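Structure first, commentary second.
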Amino acid sequence: MRVLVTGARGLIGYHVAQVLTEQKVEPVLTSRGEAPFPNLPYRALDLTQRDAVHQLIRDTSPDVVIHSAAMTLVDACQEQPAVCWLRNVTATRYLLEALTKEKPQAHFIFVSTDFVYDGFPAEERPYVEGDYEAPLSVYGASKLAAEAWVKLYPGPWTIARTALVYGWTPTLPRDNILLRVIHRLSQGGVIQLFANQVRTPTWARDVAIGLFLLAEKRAQGLYHIAGSDIETPYTFGQKVAKVWNLPGELIQPITELDFRSPAPRPPYSPLSIAKARAIGYNPHTTEEALQLLHSTTIWVRG
């Protein structure tokens with residue numbers, strides 16, 4: 001199985017490459033910037049360049065494409081909608097066009113988000129695959145639009161929605177909620193976290209394992225690949241503080257009445273992972289994941 005991984009320098013893509021090599025599957029990686037792994041095939045590429053994308057597919061001839069590259073800064077997407085659409089929708093379309101022409105039986109796995117939901121479900125329960133989508137933000141709309149292109153692909157496809165991904169890699173281009181909490185509290189600074197946005201935080205390594213399972217089992221359709229625990233950013237931050245022995249009292253719970261972000265967020269968007277569990281997906285609890293990160297990631301610990 002030859003797997004092409006986009007966004008290989010990002011949080012999810014980096015962990016996907018690690019999981020694939022552990023499973024004795026040698027991935028071909030692409031991203032912007034320098035190679036994240038010195039011993040793995042890599043091509044620096046801008047996925048918004050159609051000809052370059054077609055050449056990439058011709059050269060690599062993948063059996064599976066795991067497309068994790070995206071513009072994921074939600075507020076930046078809101079403020080730069082054209083750039084967001086180019087990177088999240090147009091780049092996905094170029095990949096799908098190239099596969100349709102060059103390798104139409106390749107399995108396309110697209111990483112999406114809980115932000116395709118508006119957070120106002122008819123009943124308060126985790127969202128299941130097939131629930132009504134109504135994104136509130138440009139970011140969520142761009143991912144849902146990309147999903148629509150995926151569904152038009154004539155070959156096998158899978159959409160994997162995840163949520164509030166956290167973790168660490170040496171190539172990390174930006175922070176995430178885990179690193180933000182550790183950094184602020186270790187410096188003695190106050191950090192404000194929303195106490196009324198309900199999510200299912202997901203360790204990046206668990207996402208990567210879930211994506212590998214989808215590829216290995218050729219599972220098609222829509223899947224939620226998320227964490228097992230329902231949390232708010234505030235409760236998640238408190239757990240981080242406890243594991244790292246940092247002052248949790250410096251975390252201030254806030255709501256949208258206290259601070260309004262440029263992009264609206266769904267107030268309630270936990271994802272049910274029952275369908276993914278049926279194919280063997282078994283993510284760590286928040287506490288388990290944080291303990292493993294604390295014990296193995298020296299940079300974060302410091």
### Task
Amide H neighbours of THR113 under 5 Å, at least 5 residues apart or on other chains, H built in the peptide plane: list them.
THR162
### Query
So how many Å³ per residue does the convex hull of the Cα atoms of the chain work out to?
122 Å³
### Task
Only loop residues by DSSP count here, and only those with at most 13 other Cβ atoms within 10 Å; note down the GluC sites (Glu not before Pro) in the range 1-107 that meet that.
GLU34
## Note on the structure
Rounded to the nearest whole number, the per residue volume of the convex hull around the C-alpha atoms of the range 161-236 in Å³ is 104 Å³
### Task
Return the sequence-ordered ³J(HN,Hα) values of the range 5-12 in whole Hz as given by the Karplus equation 6.51 cos²θ - 1.76 cosθ + 1.60 applied to θ = phi - 60°, using x for Gly and Pro.
10, 8, x, 5, 8, x, 4, 6
### Summary
Along principal axes, largest first, the alpha-carbon spread of the range 125-210 in whole Å comes out as 53, 31, 24
#### Entry: For LEU193, distant residues with modelled amide H under 5 Å away
GLN252, ILE254
### Message
Compute a Gaussian network model of the chain, connecting alpha carbons closer than 10 Å, and tell me which residue from ASP51, ASP206, ASP114 fluctuates the most.
### Response
ASP51
### Task
Compute the distance in nm between two label points, each set 7 Å from the Cα along the Cα-to-Cβ direction, one at ASN39 and one at ILE230.
4.4 nm
### Query
So between THR285 and THR171, what do we pick up on full extension, going 0.36 nm a residue minus the alpha carbon distance?
38.5 nm
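When the helix-only estimate is applied to the chain (DSSP H runs of n ≥ 4, each -39,500 (n - 2.57), divided by the residue count), what is the mean residue ellipticity at 222 nm, nearest 500 deg cm²/dmol?
Roughly -11000 deg cm²/dmol at 222 nm, from the helical runs in the chain.
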### GNM top mover of SER261, SER68, SER228 - the chain, alpha-carbon springs below 10 Å
SER261
#### Entry: Residues of type lysines that LYS217 reaches as a straight line, Cα spacing below 26 Å, ignoring anything fewer than 8 places off in the same chain
LYS24, LYS101, LYS103, LYS143, LYS151, LYS275
## Note on the structure
Amide H neighbours of VAL65 at under 5 Å, excluding residues fewer than 5 places away on the same chain, with H built from the backbone geometry, are LEU4, HIS107, PHE108, ILE109
### Label point distance in nm, ARG32-SER272, each placed 7 Å from Cα along Cα→Cβ
3.8 nm
### Query
In degrees, nearest 10, range 0 to 90: what is the angle between the Cα axis of helix 286-296 and the longest Cα principal axis of the chain?
80 degrees
### Message
For the range 223-302 and the range 28-49, what is the centre-to-centre distance using only Cα atoms, to the nearest Å?
### Response
29 Å
## Note on the structure
Taking R0 as 30 Å and r as the Cβ-Cβ distance between PHE120 and ASP258, the FRET efficiency 1/(1 + (r/R0)^6), rounded to the nearest 0.05, comes to 0.90
### Query
GNM on the chain, C-alpha springs below 10 Å: top fluctuator among LYS275, LYS24, LYS143?
LYS24
### Query
Which net charge results for the neighbourhood of PRO104, defined as the other residues with beta-carbon distances under 14 angstrom from its beta-carbon, given Lys and Arg at +1 and Asp and Glu at -1?
0
### Karplus 3J(HN,Hα) series, Hz, for the range 116-133 with 6.51 cos²θ - 1.76 cosθ + 1.60 (x for Gly, Pro)
6, 9, 8, x, 10, x, 4, 9, 7, 8, x, 5, 10, 4, x, 5, 5, 9
### Summary
If every Lys and Arg gets +1 and every Asp and Glu gets -1 at its Cβ, then about the Cα centre the chain yields a dipole, in debye to the nearest 20, of 580 debye
### Message
Spelling out what I want: for every residue of the range 274-284, take phi, set θ = phi - 60°, compute 6.51 cos²θ - 1.76 cosθ + 1.60 (Karplus), and round to whole Hz; glycine and proline get x.
### Response
4, 5, 5, 4, 5, 9, x, 6, 9, x, 6
### Query
GLN187 to GLU97: extension gain in nm, 0.36 nm per residue of separation minus the Cα-Cα distance?
27.6 nm
### Task
May I ask you to compute the full-extension gain from LEU86 to ASN196, defined as 0.36 nm times their residue separation minus their alpha-carbon distance, rounded to one decimal in nm?
36.4 nm
### Rounded tilt (10° steps) of 204-216 against the dominant C-alpha axis of the chain
30 degrees
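Every number in this text was worked out from the coordinates using simple rules, so none of it is lab data. Source: prediction; values computed, not measured. Quick reminder, even Gly has a Cβ in these numbers, built from the backbone with ideal geometry, and neighbours come from all protein chains shown.
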